[in-house]
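The values are calculated or read from the model by the stated rules, or taken from the named source; none is laboratory data. This structure is a prediction, so every number in the text was calculated from the model and none was measured. Note: ideal-geometry Cβ built from the backbone for every residue, glycine included; neighbour counts use all protein chains shown. What goes into the accessible areas is simple: the full protein's heavy atoms, side chains included, and nothing from ligands, DNA or RNA. Shrake-Rupley method; radii C 1.70, N 1.55, O 1.52, S 1.80 Å.
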Amino acid sequence: PGAASHPLEVNYRCPAGVVEVADRLLRHNRRRVPKTIRAAPDAPAGGWSTDATDDPVAGTAAAVRAAIDAGAAPADVAVLTRVNATIAPAQVALAVAGVPISGGVGTEFAERTAVRAALAWLRLAGGARFAPDDLSEALRRPSRPLHPRIAEWVAEQRDCDGLLRLAERLTNERDATRVTELAGDIVRLQKLVASGAGTERALATLIDDIGLGGAVATLDANRRGMNRAAQGDDLLALRQLARLHDHGGRSASFERWLRDHLAARRDPGGVTLATVHRVKGQEWPHVVVHLADDDQFPHRLAEDVEEERRLFHVAITRARRQLTVVSGPEPSPFVAELT
């Protein structure tokens, strides 16, 4: 008795332009509370922009630098992503540029399944002697099923000649073919690296041609509907990190370079790096939504598009003064829905 309805329709946080596009965005959801969100009477106009670029990592770094150059403290800026993995390239780009950072991912990124496999392949491509663990990783991804005893023999080899001699001794033709193909793929990468190809090109060959990307896609297919990062996101981040690393240089130093930058000191007064899920209820004067691409918002494995749209709404409404939405050449459909 005496209960009444009081719709909360005024957004006191964001600039009027952000409130307008956020309201328009959510009107595409069929499951929503019917109300019109409006800005506070004294809210500033404008306050948002988009940037679709061939290099979204560089675009995000430029947006952060622009805010700081205009007088913002690093702590006044946040870079938000859909999944944890895609923080890493933006984080390293800022660290390389000397911008203090807070949050982000640590060296555990290098131990994720897809990243660990890719780094093992790069070590095989550049090393004179093979490590048993690296051969075992390469044998698993992309998968070449072998009898456990034969897999142990593979891990005992120290170079491609040893793998080829092992293949000649195997009586099962299928097993011999798989060991020979493994050796051939390693030789292919070795020649590429020896020719001076950069990490980006070596990873592209591994992911697209040798088949690591297909193996990872198979793993991700079993995670559909799960509200977290996928192995494919790790490979995407690794490609972007490789571009940052070499610009045509050699791949031998990539892993050390990556681990060093992921272990860089965090600064409580630095730019915040986080996923959208972790910042609900928080706000910053300047927000950069990083990698607002069509496979991230909605995430390609997500099944509830309206929930993904609400998550994008959370991202863009963290900004008190300026919002910048950075994407690759194929932006999220949610970006178009803003206008």
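Separation between the Ala128 and Asp159 pseudo-spin-labels, each 7 Å from Cα along Cα→Cβ, expressed in nm? Taking the simple label geometry, Ala128 and Asp159 are separated by 0.9 nm.
Here the gap between Arg256 and Arg310, fully extended at 0.36 nm per residue and compared with their Cα-Cα distance, gives a gain of 15.6 nm.
Working note: Cα gyration tensor of region 9-71, eigenvalues times five, square-rooted, sorted largest first, giving semi-axes of 28, 17, 7 Å.
Between Glu173 and Val187, the contour length at 0.36 nm per residue exceeds the alpha carbon distance by 3.0 nm. For the chain, the spread of Cα positions along the three principal axes, ordered from largest to smallest, is 84, 46, 33 Å. In the chain, the DSSP-assigned H stretches of four residues or longer account for a calculated mean residue ellipticity at 222 nm of -14000 deg cm²/dmol, using -39500 (n - 2.57) per stretch and the full residue count as denominator. Cα convex hull, region 256-297: 121 Å³ per residue, rounded to a whole number. Computed extension gain for Ala194 through Leu8, at 0.36 nm per residue and net of the alpha carbon distance, reaches 60.7 nm. Only alpha carbons enter this Debye calculation for region 67-212, each as an equal point scatterer, and the log10 of I(q)/I(0) it gives at q = 0.11, 0.16, 0.21 Å⁻¹ is -0.54, -0.87, -1.25. Taking the accessible area of region 23-63, probe 1.4 Å, and keeping the other protein chains in place, the carbon and sulfur fraction comes to 52%. Measuring nothing but alpha carbons in region 1-43 and taking Rh as the Kirkwood radius, the Rg to Rh ratio lands at 1.06.
If you look at the Cα atoms of region 57-151, you get an Rg and a Dmax of 19.0, 63 Å.
Note that region 125-192 carries a Kirkwood radius of 11.7 Å, evaluated over its alpha carbons pair by pair.
Rounded to whole Å, the principal axis extents of the Cα atoms in region 215-339 read 44, 40, 25, largest first. Scattering from region 1-138 was approximated by placing one identical point on each alpha carbon and applying the Debye formula without solvent; log10 I(q)/I(0) at 0.18, 0.19, 0.21 1/Å stands at -1.14, -1.19, -1.26. In the full protein context, the chain carries 46 Å² of accessible surface per residue, based on a 1.4 Å probe and ignoring ligands, DNA and RNA. Note on Glu111 and Ala264: with the Förster distance fixed at 25 Å, the Cβ-Cβ geometry gives a FRET efficiency of about 0.90.
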